[in-house]
Structures are given as structure tokens and as C-alpha cells.
1. Give me the percent of the accessible area of the range 100-163 that comes from carbon and sulfur atoms, probe 1.4 Å, all protein chains in place.
2. Size of the range 1-142 along its principal axes in angstrom, Cα-based, largest extent first?
3. Tell me the carbon and sulfur percent of the accessible area for the range 1-95, rounded to whole percent, probe radius 1.4 Å.
4. Counting heavy atoms of the protein chains only and a 1.4 Å probe, report the per residue accessible area for the chain as a whole number of Å².
5. With the crude spin-label approximation of a point 7 Å out along Cα→Cβ, what separation in nm comes out for Leu21 versus Ser96?
6. Taking the Cα centre of the chain as the origin, how large is its charge dipole in debye, to the nearest 20, when only Lys and Arg (+1) and Asp and Glu (-1) carry charge on their Cβ atoms?
7. Excluding Gly82 itself, calculate the net charge of residues whose Cβ lies under 13 Å from the Cβ of Gly82, where each Lys or Arg counts +1 and each Asp or Glu counts -1.
8. Order these peptides, 60-72, 117-129, by their mean beta-carbon neighbour count within 10 angstrom, highest first.
Amino acid sequence: MAKRAAFLGMFTALGLVFGWLETLVPIYPMVPGMKIGLANLVTLLVLYRLGWKEAAGVSLLRIGLSSLLFGTVTMMLYSLAGAALSLLIMVILKRSDHVSILGVSVAGGVLHNTGQIILAAFLMENHTILYGFPLLMLSGVIAGALVGVAGAFLHKHLPKEIS
């Protein structure tokens, strides 16, 4: 039990650091909000090692702390919308046993961006923001693939006794 709590605390902190590091490396894309999603690596690993409840908890805690320390309430809403939709599809695909960790991560990246752009269109009451949707989908595939490759490597090489 103590090892599990330490693991969750460590990965929450790691997700927070990854999110902070992404704010230090600005990417100037054509569509606002585009980033690599390093913090999603943490969610992916916790999902595969401990389960969806733990992944949801770590994700919620990371988003809440990150928003308090580095962001705004609006940033938190966008992050929550993306994380909720992303985690939902990742849990479904992981349970199917027909999709690799790479595929789960790619779907998570795409759905994360989908949740954020849907919320943006709703909050702004301006559907022209949806014109950036194809570019966000492409970035979700690329970022999800990068995170998935890293996640597959780490999942394979991290000690099994943590699970």
C-alpha cells in the first residue's frame, strides 16, 4: 500500500514537472494550445500499471496543481475537458486488448485535442475555431505517437513490483 501511494505521488509530481517544462519550451503553432503532451505520458503509465481510477486521480491532481501554480481557471477547464475525453477512450481501447499502448496513446492524443476544441467552440460561441481541427488532429497523432513510444519503452523497462 505504501509503495503504491509513493508511486502515485511520484508520478503526480513527475506529471506536474513535465507540464511545467512544456511551458518553458514555447511552440508557436498555427493553432493555439498545440503541445507535445509530456504530462500525458504519466497518465498512460499509471493507466497501464495501476488502472483507470488511479490514472484519473493522478490526472485530476496534476491538472489542479498545475492550474494553481502556472495557469488559470480557463486553462484548467480546457485541460479537464481534454483529459476526460482522452482517458475515456484510452480506458476503452486498453480493455479491448486489440490495441497496443502506442495506439492507445495516439487515440488519447487525438481525443485530448478534440475535447479541448469542442470546449473552446462552446465557450467562445464561435464555431470558426473548428477550422483548426484538422491541424490539431494531426498534432494529436504525432504527439500521441511520441508519447506512446516513450510509454511503451518505460512500461517494458520499469520494475514490475510497482504495479
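1. Using a 1.4 Å probe with all protein chains present, the range 100-163 comes out at 76 percent carbon and sulfur.
2. Principal axes ranked by extent give 49, 38, 25 Å for the Cα atoms.
3. Answer for the range 1-95: carbon and sulfur cover 76 percent of the accessible area.
4. 56
5. Reported label-point gap for Leu21 and Ser96 is 3.1 nm.
6. Value, rounded to 20: 480 debye.
7. Neighbourhood net charge equals +2.
8. With the highest mean Cβ count within 10 Å placed first, the list reads 60-72, 117-129.
The values are calculated or read from the model by the stated rules, or taken from the named source; none is laboratory data. Since the structure is predicted, the reported quantities are computational estimates derived from the model, not experimental observations. Because the Cβ atoms are built from the backbone with ideal geometry, glycine has one as well, and the counts that use them run over all protein chains shown. Quick note on the areas: whole protein, heavy atoms, side chains included, nothing else; ligands and nucleic acids left out. Shrake-Rupley method; radii C 1.70, N 1.55, O 1.52, S 1.80 Å.
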